[in-house]
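Asker: Structure incoming, see below.
The values are calculated or read from the model by the stated rules, or taken from the named source; none is laboratory data. Only a predicted model underlies this, so the values are computations on that prediction, with no experimental measurement involved. Cβ: placed from backbone, ideal geometry, glycine included. Neighbour counts: every protein chain shown. Areas reflect the complete protein model, heavy atoms only, side chains present, ligands, DNA and RNA absent. Shrake-Rupley method; radii C 1.70, N 1.55, O 1.52, S 1.80 Å.
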Amino acid sequence: DGGITQSPKYLFRKEGQNVTLSCEQNLNHDAMYWYRQDPGQGLRLIYYSQIVNDFQKGDIAEGYSVSREKKESFPLTVTSAQKNPTAFYLCASSIVGVRDGYTFGSGTRLTVV
Amino acid sequence: RKEVEQDPGPFNVPEGATVAFNCTYSNSASQSFFWYRQDCRKEPKLLMSVYSSGNEDGRFTAQLNRASQYISLLIRDSKLSDSATYLCVVRQYNFNKFYFGSGTKLNVKP
């Protein structure tokens with residue numbers, strides 16, 4: 001079955017560490033996205049990519065980095081510059097230019113310890 | 001001003017009740033509209049797309065009013081399992097971006 005796989009499900013980070021969250025899709029979707037969700041709040045866009053080797057900053061890109069070397073993969077690195085990284089991170093994908101919604105991965109819950 | 005605004009709720013309703021959520025969007029260039037459901041600590045899942053003529057899926061009815069720039073979701077005969085947060089989402093083609101409301105929480109009680 002096609003879908004989006006995020007790993008790990010839970011991640012603990014020490015202060016000052018960089019961590020990378022994985023997102024892989026086999027839906028043949030062109031566009032991929034990373035969102036952050038804080039408790040009781042909506043989704044905020046971190047980065048998105050519409051094509052391989054190209055990506056754009058979203059509303060809260062500071063302290064994060066991404067790469068899009070393959071169509072199927074869009075990893076997110078949470079750097080030590082992100083001062084408050086504890087949150088639920090969601091990866092999504094969509095077909096470009098079609099009236100379809102997103103497909104979401106099951107999320108990664110990141111906690112700073 | 002936020003791109004998409006929703007009443008955060010919570011809406012507390014008894015089983016069997018009819019409940020309606022509204023959502024407003026600010027950009028008239030928005031072209032596709034959706035309702036997503038999010039359960040606690042889970043990812044959002046597509047509930048239904050919203051079409052200009054309105055559409056129904058079982059107990060759920062979605063309406064779009066482009067002139068007033070709002071979207072609605074009506075749930076009839078509420079079930080306990082309908083308890084969740086409902087997210088309103090709009091899509092703009094030009095930038096292939098989706099905008100999310102902050103969600104409306106529904107609690108259906110026995």
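Asker: Please state the shape class of the range A:59-113: rounded when a/c is under 1.5, otherwise prolate if a/b exceeds b/c and oblate if not, all from the C-alpha gyration tensor.
Answerer: Prolate is the answer for the range A:59-113, as a/c is 1.5 or above and a/b outweighs b/c.
Asker: Oh, and also: Using a probe radius of 1.4 Å on heavy atoms only, what accessible surface per residue do you get for chain A? Whole Å² is fine.
Answerer: Working: 5440 Å² over 113 residues.
On a per-residue basis, chain A sits at 48 Å².
Asker: Just to confirm my understanding: which cysteines in chain B have no other cysteine beta carbon less than 4.7 Å from their beta carbon?
Answerer: By the Cβ distance rule, which asks for a partner under 4.7 Å, the isolated cysteines are B:Cys40.
Asker: Provide a list, ordered by number, of residues in the range B:31-66 showing at least 40 Å² less accessible area with every protein chain present than when their chain is taken on its own, using a 1.4 Å probe.
Answerer: B:Tyr36, B:Gln38, B:Arg41, B:Glu43, B:Pro44
Asker: Among B:Tyr36, B:Tyr86, B:Tyr25, whose mean-square fluctuation peaks in a Gaussian network model of chain B (Cα, cutoff 10 Å)?
Answerer: Fluctuation is largest for B:Tyr36.
Asker: Taking the simple approach of a point 7 Å from Cα along Cα-to-Cβ for both B:Asn22 and A:Asn26, what is their distance in nm?
Answerer: The two pseudo-label positions are separated by 4.6 nm.
Asker: Right, here's the next one. Need one word for chain B: rounded, prolate or oblate. Basis is the Cα gyration tensor (sqrt eigenvalues a ≥ b ≥ c); a/c below 1.5 gives rounded, then a/b vs b/c decides.
Answerer: Prolate.
Asker: While we're looking at this one, here's another question. Ignoring everything but the protein chains, give the 1.4 Å probe accessible area of B:Thr18 in square angstrom, nearest 10.
Answerer: For B:Thr18, the solvent-accessible surface is approximately 90 Å².
Asker: How large is the dipole of the range B:1-63 about the Cα centre if only Lys and Arg carry +1 and Asp and Glu carry -1, each at its Cβ, rounded to the nearest 20 debye?
Answerer: The dipole of the range B:1-63 has a size of about 160 debye.
Asker: Quantify, in whole percent, the carbon and sulfur part of the accessible surface of the protein assembly as shown (1.4 Å probe; protein heavy atoms only).
Answerer: Result for the protein assembly as shown: 47 percent of the exposed heavy-atom area is carbon or sulfur.
Asker: Where a Cα-Cα gap under 19 Å defines reach, which aspartates and glutamates qualify for B:Lys109, not counting those fewer than 8 residues away within the same chain?
Answerer: Partners within reach: B:Glu15, B:Asp39, B:Asp77, B:Asp82.
Asker: Can you compute the FRET efficiency between A:Lys70 and A:Asp38 using 1/(1 + (r/R0)^6), with r the Cβ-Cβ distance and R0 = 35 Å? Round to the nearest 0.05.
Answerer: The formula returns an efficiency of 0.75 here.
Asker: Report the antiparallel proportion of the DSSP beta bridges in chain B as a percent, rounded to a multiple of 5.
Answerer: Beta bridges within chain B, antiparallel portion: roughly 90 percent.
Asker: Compute the Cα gyration tensor for chain A, then decide on rounded, prolate or oblate, letting a ≥ b ≥ c be the square roots of its eigenvalues: rounded whenever a/c is under 1.5, prolate when a/b is larger than b/c in the other cases, and oblate in all that remain.
Answerer: On the way: a/c = 1.71, a/b = 1.62, b/c = 1.06.
Verdict is prolate for chain A.
Asker: Considering only protein heavy atoms, with the full assembly of protein chains and a 1.4 angstrom probe, order A:Leu27, A:Leu21 by accessible area, largest first.
Answerer: Solvent-accessible surface, decreasing: A:Leu27, A:Leu21.
Asker: Over all directions, the average projected area of the alpha-carbon convex hull for the protein assembly as shown comes to how many nm²?
Answerer: 12.7
Asker: At 1.4 Å probe size, put A:Asp30, A:Asp38 in order of accessible surface, largest to smallest. Present the calculation step by step, with values, prior to reporting the outcome.
Answerer: Details: A:Asp30 55, A:Asp38 20 Å².
Greatest to least solvent exposure: A:Asp30, A:Asp38.
Asker: Now for a separate question. For B:Asp77 and B:Lys2, calculate 0.36 nm times their separation in residues minus their Cα-Cα distance, and state this gained length in nm to one decimal.
Answerer: 23.8 nm
Asker: On to the next question. Would you mind working out the accessible area per residue for chain B, using a 1.4 Å probe, and quoting it in Å²? Write down the numbers at each step before the final one.
Answerer: Values: 5350 Å² over 110 residues.
Counting only protein heavy atoms, the per-residue value for chain B is 49 Å².
Asker: Sticking with the crude label model, points 7 Å out along Cα→Cβ, report the distance from B:Asn65 to B:Cys40 in nm, one decimal please.
Answerer: For B:Asn65 paired with B:Cys40, the spin-label model returns 3.4 nm.
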